[in-house]
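Student: Below is one structure. I have some questions about it.
The values are calculated or read from the model by the stated rules, or taken from the named source; none is laboratory data. Quantities reported herein were computed from a predicted structural model and do not represent experimental measurements. Glycine also receives a Cβ, built like all others from the backbone with ideal geometry; neighbour counts cover every protein chain displayed. Only protein heavy atoms, including side chains, enter the accessible area calculation; ligands, DNA and RNA are left aside. Shrake-Rupley method; radii C 1.70, N 1.55, O 1.52, S 1.80 Å.
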Amino acid sequence: MDSSAAIMDGTAKDFTRWQAKVEERDIISQMHESILGHILSFLPTMEAVRTSVLSKGWIDVWTSITNLEFNDSVPFSGKKMQKEQYEYFVNKMLLHLGILRTQSFSLCLTSYHYEPSMVGAWISSILEKGVQKLHIQYADKVHFPSHSLFSCNSLVQLKLQITCSLSVPTFACLPNLQTLRISGIKLLSESPIYSKDLILSFPLLKVFEAKGCEWSTKQNLCIQAPLLEKCSMSVWTSLSNEPCKSSIKIFSPHLTDFSYEGDLEKEIILSNPSSVQTASVVIVIDEDRKENMEKLGFQLQKLLTQIREVERLKLLLYKVLVNAADIFTHLPAFGRLTYLQLNEVTGEALLNILHNSPRLDTLVLQNGVFDFNKDALVSTSVPQCFLSSLKVFQFKGFNVHEHELLLAKLVMENAAVLEEMTICTAFWLQYSDIDIERVKEQILSLPKCSSSLMIQFSQVNGS
């Protein structure tokens, strides 16, 4: 055997011996505890805790978990835990929070009904340990620890899907919060002094969503969020008959996406509305508050005036036009608006909006139009957007009424650059005696101003 062959043979033997030694070692146990904790964080929390029975060296490894997820519907050892067992498990785990390095905590209670005070105590324990990401989901009532929440400076992400009352202090600051999502919460004033504003300061907040919340604060609520980009609010006032004069002020110079749903009982004030590019406004009127229609019209006009520089707007009104047909009489000019979606609108109101939207590119009528005055149609001038910008027209909820055919005729005869017109007939028409094919032929035979217009039909309302 030459020298090179001997060297190769010796190297191979050394590698074999090294490989055997590696295979004999417990590599996992040699890992740093923080690494093991990170790995265990990808397991369901209850399964991660079970690793403590593997050996003495694993007894406390689970305490390095950074992400804790508690869900009473997740099976443990192949079966669902009983309520008492789950309560014991959560209480036992929360006792260890002081030694845990928890960054993220999720508590989803969907299987059982728990004592409101017990759930509140759990949440309080979590908040007091300096968690960064917190998600709570529970459908029943909770005694929520408001003070613990507003003193938890470590929070970065917060998602609350619970039924509870949240007492808002005169001033609170969550300096690290970046994402806030709440639903089902009733906001109350902690201070009895009605003359002072309530100030919530979120220096780093970028996303704020509030759905299904009842805003019952007597004072004005000021949300200071200089980095806020997306704001979605469902604002319902108290169901009592007491007049509501307070407002919600949002100080956010970089807000680009704004959504509002509610009854407009509380005034919404945006500090820099010209930055908003996309907006959604959904107004629903309570049957018992019809007498406030004049105030509603005024508040709606104020809100739309604030966001008049918006580029995309979804404006959905429910039970509004039935009680206030002239709500669109005084509208601001939407100089940048390119996309508009409406659900309840009269022909006259639609013309007012179109005249105030000279750059409109896409128009979507979700439920057609209520009526269309023939005399008003003859006397009106052609909207500027028809002559230069309107390219897409979607007519959903088409009921084959005469005024709807008049609108289709108006668009086709005057929209000079229209490229796509989609007509979605109402669902009930497929069970009627109306000859849809004949209606299609009637529409297709109308004169077209645009030579590139393509007309499509759908038998079912696609909204």
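Student: Consider Leu187 against the criteria (1) open to solvent by less than 60 Å² (accessible area, probe 1.4 Å); (2) over 17 Å from Glu261 (Cα atoms): it satisfies all of them except one. Which criterion is unmet?
Tutor: So the condition that Leu187 fails would be (2).
Student: Now, a different point. Any residue in the range 72-80 that is modelled with pLDDT of 60 or more, closer than 26 Å to Gln157 by Cα and touching a helix residue (DSSP H, G or I) at 6+ places or on another chain (Cβ under 8 Å)?
Tutor: Checked against the condition, which is being modelled with pLDDT of 60 or more, closer than 26 Å to Gln157 by Cα and touching a helix residue (DSSP H, G or I) at 6+ places or on another chain (Cβ under 8 Å), the range 72-80 yields at least one hit.
Student: Condition first: within 14 Å of Gln366 (Cα to Cα), modelled with pLDDT of 95 or more, open to solvent by less than 30 Å² (accessible area, probe 1.4 Å) and not polar (S, T, N, Q). Can you find one or more residues in the range 406-422 that meet it?
Tutor: The answer is yes, given that some residue of the range 406-422 is within 14 Å of Gln366 (Cα to Cα), modelled with pLDDT of 95 or more, open to solvent by less than 30 Å² (accessible area, probe 1.4 Å) and not polar (S, T, N, Q).
Student: Among the candidates Asn414, Asn356, single out the residue that is under 30 Å from Ile307 (Cα atoms) and within 32 Å of the chain's Cα centre (by Cα).
Tutor: From the options Asn414, Asn356, the qualifying one is Asn356.
Student: Let me ask something additional. Scan the range 314-322 and give yes if some residue there is open to solvent by less than 60 Å² (accessible area, probe 1.4 Å), farther than 20 Å from Leu350 by Cα and modelled with pLDDT under 80, otherwise no.
Tutor: no
Student: Quick one: which residue in Ala225, Ala172 is outside the structural domain of Val281 (by the TED database), of a type in the set (A, V, I, L, M, F, W, C), over 21 Å from Glu265 (Cβ atoms) and more than 13 Å from the chain's Cα centre (by Cα)?
Tutor: Ala172
Student: Can you name the number of the only condition in (1) open to solvent by less than 50 Å² (accessible area, probe 1.4 Å); (2) in a helix (DSSP H, G or I) that Ser117 fails?
Tutor: (1)
Student: So which residues in the range 427-463 are in contact with a Ser or Thr (Cβ under 9 Å, 6 or more places away or on another chain), under 30 Å from Arg359 (Cβ atoms) and assigned to a loop (DSSP other than H, G, I, E, B)?
Tutor: Scanning the range 427-463 gives Asn461, Gly462.
Student: Taking the range 363-388, which residues are open to solvent by 20 Å² or more (accessible area, probe 1.4 Å) and at pLDDT 90 or above?
Tutor: Residues satisfying the conditions are Gln366, Val382, Gln384, Leu387, Ser388.
Student: Still on this structure: So, in the range 90-108, of the ones that are more than 27 Å from Leu205 (Cα to Cα) and open to solvent by less than 30 Å² (accessible area, probe 1.4 Å), which residue ends up modelled with the highest pLDDT?
Tutor: Val90
Student: Can you tell me which residue in the range 190-228 is most open to solvent (accessible area, probe 1.4 Å), limited to those that are hydroxyl-bearing (Ser, Thr, Tyr) and assigned to a loop (DSSP other than H, G, I, E, B)?
Tutor: Per the stated criteria, the residue is Tyr194.
Student: Among the residues of the range 134-141, is there at least one that is of a type in the set (D, E, K, R), more than 19 Å from the chain's Cα centre (by Cα) and not assigned by the TED database to the domain that holds Phe258?
Tutor: yes
Student: Among the residues of the range 245-284, what is the count of those that are buried (at least 19 other Cβ atoms within 10 Å of the Cβ) and in a loop (DSSP other than H, G, I, E, B)?
Tutor: Of the residues in the range 245-284, 7 are buried (at least 19 other Cβ atoms within 10 Å of the Cβ) and in a loop (DSSP other than H, G, I, E, B).
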